[in-house]
1. Identify the single condition in (1) surrounded by fewer than 21 Cβ atoms within 10 Å (Cβ to Cβ); (2) in contact with a helix residue (DSSP H, G or I) (Cβ under 6 Å, 6 or more places away or on another chain); (3) without any contact (Cβ under 8 Å) to a residue 60 or more places away in the chain that residue 281 does not satisfy, given that it satisfies every other one.
2. Output the number of the condition that residue 680 fails; it satisfies all remaining conditions of (1) more than 10 Å from the ligand (Cβ to nearest atom); (2) surrounded by 23 or more Cβ atoms within 10 Å (Cβ to Cβ); (3) touching a residue at least 40 places away in the same chain (Cβ under 8 Å); (4) over 20 Å from residue 537 (Cα atoms).
3. State yes or no: is residue 714 at pLDDT 95 or above, surrounded by fewer than 21 Cβ atoms within 10 Å (Cβ to Cβ) and within 16 Å of the ligand (Cβ to nearest atom)?
4. Restricted to the range 683-700, and to residues that are touching a helix residue (DSSP H, G or I) at 6+ places or on another chain (Cβ under 8 Å) and part of a helix (DSSP H, G or I), which residue is nearest to the ligand (Cβ to nearest atom)?
5. Test each condition in (1) closer than 30 Å to residue 651 by Cα; (2) crowded, with 19+ Cβ neighbours inside 10 Å; (3) in contact with a strand residue (DSSP E or B) (Cβ under 9 Å, 6 or more places away or on another chain) for residue 482 and report the one that comes out false.
6. Within the range 453-478, can you find the residues that are outside any helix (DSSP H, G or I), away from the ligand (no atom under 12 Å from the Cβ) and either within 24 Å of residue 677 (Cβ to Cβ) or in contact (Cβ under 8 Å) with a residue 60 or more places away in the chain (or both)?
7. Mind checking which pairs have a first residue in the range 383-394 that is closer than 14 Å to residue 224 by Cβ and a second that is within 16 Å of the ligand (Cβ to nearest atom) and assigned to a loop (DSSP other than H, G, I, E, B), Cβ under 8 Å, 6 or more apart or different chains?
Ligand code: F58
């Protein structure tokens with residue numbers, strides 16, 4: 001690709017990047033109208049809202065571009081190590097506000113638009129969020145690239161530009177229906193496409209051995225078929241620091257050769273269909289939550305984006321005289337879970353087959369270039385790929401994996417002579433239920449460091465899931481507790497709280513969240529508490545308007561707002577939350593509970609279920625059914641209300657979390673790797689009711705026991721109960737309230753008399769209950785009673801809420817990035 005690097009322009013203006021337009025209302029108006037007229041091709045008077053939004057977005061993008069080019073120029077001029085964040089998902093959320101905030105243009109844009117007769121807020125609503133992720137893992141990647149830019153650290157994010165992101169959820173008669181997320185249909189003003197930057201990616205075929213001119217044995221991969229990777233750049237602005245990093249997402253396109261072959265065969269229609277086949281690779285995000293389905297197309301996606309990214313880094317970001325032996329000095333690739341792990345054999349292939357390095361040299365280099373983050377503890381979530389599929393799709397990579405495994409198992413045998421059981425446990429190739437590649441083992445073997453995402457999780461990785469590896473390489477294992485970006489989840493999502501914080505402790509906290517601790521003393525200040533409550537109240541009013549407009553839901557006023565938002569999964573135990581509500585409801589309608597003694601409470605759920613996950617979908621149906629019945633029952637009016645807005649996403653999270661009083665983090669101990677929603681709630685002044693799981697452990701330690709409602713078994717107790725033999729029916733039989741609540745569900749009370757409709761849910765709880773909801777039920781009910789009592793004392797509650805904010809600065813993703821940099825990446829910050 002010709003770069004024009006040696007162009008000698010005669011005009012002085014053409015010598016460098018054009019400067020950013022000035023930060024003034026007039027300049028902004030001018031840029032905006034230019035985009036509208038010349039970009040969209042419409043005069044203001046005839047422009048649609050979408051025209052205006054696109055023009056606004058491009059205007060703001062224009063302000064970012066000069067900074068982006070400048071950041072890239074500075075980075076090119078020195079050769080320091082960068083981070084290549086490899087992630088199959090980036091759950092970015094809306095871009096406009098973030099870009100305005102980063103460039104400090106919010107007020108200017110508002111005034112400029114106003115002068116054109118347009119409300120900024122109306123344009124905000126037009127933006128469709130790019131939902132290129134499933135949940136926590138994808139959102140974490142988005143927070144991390146935001147923090148890296150804000151810290152001025154060299155980082156390039158690599159991923160996939162899915163044409164369809166996470167499905168749009170709707171409810172029909174209470175059941176989840178998935179609608180394709182055609183997020184690009186109105187155009188994406190934030191992306192910069194480079195259709196001319198094609199990266200070839202190969203699949204299938206077979207390998208052949210040959211002897212090269214130097215007499216060395218070499219391997220050639222005879223490809224079966226190819227696709228092209230097309231580059232799409234997204235700008236990742238740091239917070240008001242002039243840095244703009246890059247997120248580079250890949251789209252698949254058919255090669256011309258691919259077309260030609262078939263076109264020449266005369267079958268035009270078939271040729272066009274085959275083109276679609278190649279382009280399917282970046283078509284859709286798999287909507288799985290935790291159980292990988294082992295689908296061929298998914299492996300194609302993984303290899304596709306990783307192959308594009310390695311090639312791009314080596315060929316396009318490094319000088320032409322770059323020596324691949326220097327790779328470890330230039331890059332550390334962070335593997336966001338196992339989805340990009342095929343990058344390991346891909347790098348080996350590049351070094352050995354393409355660059356002609358000796359195996360041992362190549363392995364020495366590769367072992368310094370990767371670090372691996374694990375995000376789960378569920379055994380069924382650990383990715384494996386059948387050897388048969390691997391051999392068919394990536395025959396050369398399969399050979400390389402075998403050879404890596406051979407060398408690795410020799411190491412194991414040397415360390416543990418005679419321990420063949422251990423060798424089999426640790427092997428990268430597993431035998432059951434079929435021969436397959438264990439991606440977590442491959443990642444662990446090749447990585448400099450392996451980290452979990454919260455202290456408890458990292459400890460359980462070391463002690464259980466990857467124990468053999470931790471024994472062999474104790475220093476390889478480390479922890480980096482997750483974090484969330486305060487720009488999006490406090491500053492943007494909660495402007496009222498942000499103003500109160502800035503008025504109280506001054507500016508600077510947005511990029512230095514530890515400063516929130518200066519708020520601690522104000523917990524004792526009555527006047528401050530009053531203001532803090534006013535912020536919560538304003539946020540409740542705002543979410544009330546949002547839910548009314550978005551979902552036609554009318555939230556009651558003056559309730560404790562109890563929120564459980566996250567993917568629907570059995571281990572997260574939305575079922576337990578439902579049992580709590582049904583118990584309260586049942587208590588009131590049966591006369592066992594005086595309604596006047598129940599704290600008025602609104603419970604808001606938000607959750608998508610993986611489309612093939614039956615139990616999760618039944619749970620959604622039951623929650624919706626219970627909501628319909630409970631909200632219509634006059635006996636609980638003014639006491640209990642349930643809301644389940646469909647299609648929970650980043651945009652809704654930004655509105656909902658700042659309004660919450662109570663954050664539900666009730667997974668079975670030892671199952672939630674970290675959680676990040678838990679952090680967002682604490683930072684926005686909700687109190688947590690939670691188990692000793694994931695990052696809840698650290699939240700509780702930091703905010704203090706008095707400001708956190710702990711319940712349930714801890715991980716050792718869970719392990720012990722399971723070892724003893726867990727019988728959920730025992731709890732049903734001995735706990736009257738629990739029995740009555742389950743009976744009410746089973747009776748069909750919520751499902752229009754249909755007992756079968758609740759059958760799967762109830763049947764599983766009573767006979768299986770893999771996540772011990774019944775065992776933790778009473779403890780949860782008791783903790784909820786403590787919540788009610790505490791909430792009655794608004795001064796005490798507000799103090800605790802303030803302390804949650806003041807003591808949660810640790811959960812900034814800036815801190816997480818610091819930890820990655822210090823413990824794993826060792827890159828320099830500040831451009
Ligand atoms: C989540 N994992 C963890 N996986 O469940 C959560 O505890 C943690 O806070 C978060 O990662 C960030 O570390 C998660 O979101 C997925 O969504 C994968 C998507 C692809 C299929 C496998 C699960």
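1. Single failed check for residue 281: (1).
2. (4)
3. Spelling it out, it is not the case that residue 714 is at pLDDT 95 or above, surrounded by fewer than 21 Cβ atoms within 10 Å (Cβ to Cβ) and within 16 Å of the ligand (Cβ to nearest atom).
4. Selected residue: 696.
5. Evaluating residue 482 over (1) closer than 30 Å to residue 651 by Cα; (2) crowded, with 19+ Cβ neighbours inside 10 Å; (3) in contact with a strand residue (DSSP E or B) (Cβ under 9 Å, 6 or more places away or on another chain) leaves (3) as the failure.
6. The answer is 466, 478.
7. From residues that are closer than 14 Å to residue 224 by Cβ, the pairs are 389/294; 394/342.
The rows are residues; the columns are (1) more than 25 Å from residue 328 (Cα to Cα); (2) not assigned by TED's automatic domain parsing to the domain that holds residue 362.
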{"site": "389", "(1), (2)": "yes, no"}
{"site": "401", "(1), (2)": "no, no"}
{"site": "406", "(1), (2)": "no, no"}
{"site": "423", "(1), (2)": "yes, no"}
{"site": "432", "(1), (2)": "yes, no"}
{"site": "441", "(1), (2)": "no, no"}
{"site": "459", "(1), (2)": "yes, yes"}
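The values are calculated or read from the model by the stated rules, or taken from the named source; none is laboratory data. The structure presented is a predicted model; accordingly, all values stated were derived computationally and were not measured. Glycine also receives a Cβ, built like all others from the backbone with ideal geometry; neighbour counts cover every protein chain displayed.
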